[in-house]
Amino acid sequence: MIRLERRRRQSRAWALATPVLAVCATVATGMVMFALLGKDPVEAIRTIFWAPLFDPNLASYARPQILVKAAPLVLIAIGLSLGFRANIWNIGAEGQYIMGAIAGGATALALYPLDAWWIFPLMITAGIAGGVAWAMVPALLKIRFNANEILVSLMLVYVAEQLLASVSIGLLRNPDGIGFPGSRNLQHYESAANSELITGTGIHTGVIAAIAVALMVHALLRLHRLGFQIRLAGLSARSAAHSGANPKRLTAICLAAGGGLAGLAGIFELAGPAGQLTIDFNVGYGFTAIIVAFLGRLNPLGIVLAGLLMALTYIGGEMAQFMLNLPAAAIQAFQGMLLFFLLSMDFLSRFRIAFGTARIN
Amino acid sequence: MTEFFEVGELSKAYPGVQANDRVSFSMDAGEIHALLGENGSGKSTLVKMIYGIVRPDSGRMTLLGQPHAPANPSVARSRGIAMVFQHFSLFNALTVAENIALGMHRPPRARRLDDQIRATGSNYGLPLNPNARVGDLSVGERQRVEIIRCLLQDPKLLIMDEPTSVLTPQETGILFATLRKLASEGTAILYISHKLEEIRDLCNNATILRAGRVVATCSPQEKSARELAEMMVGSSFSAPERPNSAFGEPLLEVRGISLRPGPTFGTPLKEVSFTVKRGEILGIAGIAGNGQDELVSTLSGEASVDSGDILVSGASLGRTSLESRRRLGLLVAPEERIGHAAAAEMNLVENAFLTGADRMELARFGIANWRKARKFAEAIIEKFDVRTTGAASYAGSLSGGNLQKFVIGREILQDPLVLVVNQPTWGVDAAAAAAIRQALLDLAASGSAVVAVSQDLDELIEISSSIAVLNNGSLSQPRPVANYTRDELGILMGGTHDIRLTAEESNDSA
């Protein structure tokens, strides 16, 4: 007989091994799926994982793109991980990301064509504020009325998408755009542009910020009392209250961190790779970041690695789409598998598979 | 004549620990036999082998001259062994009869079962209404359901695991009468407890286990409670001493606090008032669920009162936060060790930081000083004799008694002005319990005020200067311990309610 036994405490070895195992299992099932679609499975996996990094013809384009994709994922995922650790489930980072971009972008567009050094920092501040403000809606509703933050934050994503559509064809539309939807392109507005810091590497301010935030949050969790309370709240809400943490304050802080970092990612994306606010400005980073947060075991440094891995599957997936004609849905299914396997493997770090009859001690 | 039940050279090893090492004892029919030992001494393993939950590595058991080697509990039950567990396995939403039918191999028809329950109940002084919903019953009545469930199987050997830990003195009295009657009819009873006075009162023989071995077999009436305890622990320990001193000024004043029940707190507090002076230990007795958690939470600041006020050294607390109460010197050790007082998946350094951060200055500008926290944790471990592999151990890896010493020690070493402890020795072995009680007495003697909330009357009588009883959210007027009889305390704890019920039920069934 096969049974599951709860481990006395989480196994550290399994905690480290599960992401690796999950990736292996995803690759194996992915190969089956690609084979069923009539594609060469080895070639597909090679195109997704190996070509973007090492293919002599593709790597020079793909490597910088990986950093460009990873930076927002890492920023958002780290913000979300603080909440997830404390059992506060912000699912609406996508909306907070959009609101950050709108707030920061609107700031820049209001000042156009002024040329000043302080415009970019101001945009970043506005971006963060936009994300925080959007996250405060679920926070306040939870604190005041005990409303479920999962539902509220998720619903606000759709509100933010409507707002984005509205401003990109209305309020923030490019007046010189001869009627096309979308704002001015910030890449062409030097004081507001988030351009590559070193040409050809993909490294923009957002990449630096992602690394800095990862280190800061790592230190916060290790050294600061707030980080201690966040960790404690995730293990036991009553213990956290006993240690003096105010659960309402913690809810507000964790949602603000998630919203602020999502907003930050949004403004970096808008001022850099995206350039302009359009109806389809958002591409799902806010949702993918949830996967990244868990893939990185809610650990800031793990999230950096997970973000890079996820960006790799994005770029590799795109390459597989146009080189092997794989459908986009197959790539999404492939990424979905990664979360599925991660969560199911995660079980092994909390439970042990035992054979034989029950033993009670 | 062959022995009624005999255990010979029974051994059982788990990875890293010899739970039972060649344990032997025997019982006659009609004997009430105590199994005595500290937590982790192997009592549970032994009983589980008898009941078929665990299989021994070696050794033998004989029941009525026949070899007894049950493969599982249902085999053990079919051979006439029944067990009442410390934690009940009852469904609150079902009636008494339904719960009993669930545990039976082939339950009789409902009408007949109801009659059997009434008959057995009145026969053994355990009146129960078969159609009452278990969720509405008191803890003592729930235990009756478990006992009647066992008695309906007509057991030859009945195992009782810590049956009185949840009972009032009156309920304990009723239980003992039942057990004596059963024994007089020839049922052998294996009685597990750590309450030495009870064992001396009830049991004919006692087998004392320590570290998996039988260290003594004796007649408990011929030994003092202290001798039994020393055999159990293997060393002599001093019973707490109560200093005789006058008390100082009031340190904690609680003035008419009330709390409406909410989602977190089920029992309302009704105008609770008391005062604790410097050097005094106030014991708050009561059966669990009568507002203990609510009272302790309002004192700690985790719940805010709807009306009334709490004063520490004359300063009103109002709605001040838990942290500022700590700074004022009001410290609280809650009942749940794991998941409230401490986090299982954090190590002892982090758990020391959990409540010690402010008063021990373990953080500056919010930055934790883990080195200082480690020193604090090590000081607790050393001063309170916490048995652990070190401060880096996870709290969840400590035994209940050791973790409780850590939790209480953590508060005491912060030099509290007022310390509130909830169930300070619940589920703790005798040696650790004695150490904790002594620590509380020492703390009071050094000039603090202590509030001890406990279900264990013996404990409160031992350490408290005065006792008040919490019943359904109301607190009785505190009185010096000497002014009470045990019966009075029991009645205040809710015994009155039970006795009335008992009388009604008896009339019904008569």
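For segment B:89-154, build the convex hull from the C-alpha positions and give me its volume per residue in Å³.
Cα convex hull per residue, to the nearest whole number: 73 Å³.
As a test of the formula, what do you get for chain B when each DSSP H run with n ≥ 4 contributes -39,500 (n - 2.57) and the sum is divided by the residue count, at 222 nm and rounded to the nearest 500 deg cm²/dmol?
-10000 deg cm²/dmol
Could you rank the peptides A:251-262, A:146-157 by their average count of other C-beta atoms within 10 Å per residue, with the highest value first?
Listed from highest to lowest mean packing, they are A:251-262, A:146-157.
Rule-of-thumb check for segment A:261-305: C-alpha Rg over 2.2 N^0.38 Å?
It is 1.30.
Please list the three semi-axes, largest first and in whole Å, of the ellipsoid equivalent to segment B:47-187, using sqrt of 5 times the eigenvalues of its alpha carbon gyration tensor.
Listed largest to smallest, the semi-axes of segment B:47-187 are 26, 17, 15 Å.
What distance in nm separates the two pseudo spin-label positions at B:Arg479 and B:Leu417, each 7 Å out from Cα along the beta-carbon direction?
Going from the B:Arg479 label point to the B:Leu417 one covers 3.2 nm.
Counting only C-alpha contacts under 8 Å and six or more residues apart, can you give the relative contact order of chain A as a whole percent?
35 percent
With +1 on each Lys and Arg Cβ and -1 on each Asp and Glu Cβ, and nothing else charged, work out how big the dipole of segment A:51-172 is about its Cα centre, in Debye to the nearest 20.
Charge dipole, segment A:51-172, about its Cα centre: 280 debye, nearest 20.
From the gyration tensor of the Cα coordinates in segment A:204-361, what semi-axes in whole Å does the equivalent ellipsoid have, largest first, with each one equal to sqrt(5λ)?
Semi-axis lengths for segment A:204-361 are 32, 27, 13 Å.
On a 0 to 90 degree scale, rounded to 10, what angle separates helix B:430-445 from the longest Cα axis of chain B?
It works out to around 30 degrees.
Report the full-extension gain for the segment B:Arg255 to B:Glu488: residue separation times 0.36 nm, less the Cα-Cα distance, to one decimal in nm.
81.4 nm
Please compute the modelled spin-label separation between A:Arg350 and B:Leu64, points set 7 Å along Cα→Cβ, answer in nm with one decimal.
4.8 nm
FRET efficiency for B:Ser165 and B:Arg319, Cβ-Cβ distance as r, R0 = 35 Å, nearest 0.05?
0.45
Work out how far the C-alpha atoms of chain B reach from end to end along every principal axis, then list the three figures in whole Å, largest first.
Sorted from largest, the Cα extents of chain B read 72, 52, 40 Å.
For chain A, what does -39500 (n - 2.57) per DSSP helix run (n ≥ 4), summed and divided by total residues, give at 222 nm, in deg cm²/dmol to the nearest 500?
Helices in chain A give a 222 nm mean residue ellipticity of -23000 deg cm²/dmol.
Would you tally the net charge around A:Arg238, using a Cβ to Cβ cut-off of less than 12 Å, leaving A:Arg238 out, and scoring K and R as +1, D and E as -1?
-3
Averaged over peptide B:341-352, how many Cβ atoms belonging to another chain are found within 10 Å of each residue's Cβ?
4
Modelled label-to-label distance, B:Gln438 and A:Val283, 7 Å Cα→beta-carbon offset: nm?
7.0 nm
Can you tell me the FRET efficiency between B:Arg371 and A:Ala147 if r is taken as the Cβ-Cβ distance and R0 is 45 Å, rounded to the nearest 0.05?
0.60
Once the other residues with Cβ under 10 Å from the Cβ of B:Ser165 are scored (Lys, Arg +1; Asp, Glu -1), what is the net sum?
Local charge sum for B:Ser165: -2.
If you scale each eigenvalue of the Cα gyration tensor by 5 and take the root, what three semi-axes come out for segment A:38-326, rounded to whole angstrom and sorted largest first?
Equivalent ellipsoid of segment A:38-326: 30, 26, 17 Å, largest first.
For A:Asp55, what is the net charge nearby, where nearby means another residue's Cβ is under 14 Å from its Cβ and Lys, Arg count +1, Asp, Glu -1?
0
Could you give the spread of the C-alpha atoms of segment B:250-497 along their three principal axes, from largest to smallest, in whole angstroms?
51, 38, 36
Relative contact order of segment B:89-154, please, whole-number percent, based on alpha carbon pairs below 8 angstrom and at least 6 residues apart.
43 percent
Post the alpha-carbon centroid distance, segment B:409-485 to segment B:64-88, in whole angstrom.
Taking the Cα centre of each part, segment B:409-485 and segment B:64-88 sit 39 Å apart.
Given a Förster distance of 45 Å, report the FRET efficiency between B:Ser74 and A:Met31 from their Cβ-Cβ distance, rounded to the nearest 0.05.
E(calc), rounded to 0.05, equals 0.40.
Determine which residues of segment A:266-285 fall in the zone a paramagnetic label at A:Tyr112 would reach in this model, i.e. backbone nitrogen under 19 Å from the point 7 Å along Cα→Cβ.
Counting only backbone N, you get A:266-282.
For the protein assembly as shown, report the % of Cα-Cα distances exceeding 56 Å.
26 percent
Which far-off residues, 5 or more places away or on another chain, put their amide H under 5 Å from the one on B:Met346, with H placed in the peptide plane?
Distant-sequence amide H within range of B:Met346: B:Ala395, B:Gly396.
Using only the Cα atoms of segment A:143-292, construct the convex hull and provide its projected area averaged over every direction, in square nanometres to one decimal.
Computing the convex hull of the Cα atoms and averaging its projections yields 11.6 nm².
How many partner chain Cβ atoms sit within 10 Å of a residue's Cβ in peptide A:218-225, on average, as a whole number?
The per-residue average across the peptide is 3.
Read-outs: derived from the displayed coordinates by stated rules, not from any lab. Nothing here was measured: the structure is a model prediction, and the numbers come from that model. Positions of Cβ are backbone-derived with ideal geometry, glycine not excepted, and every protein chain shown enters the neighbour counts.
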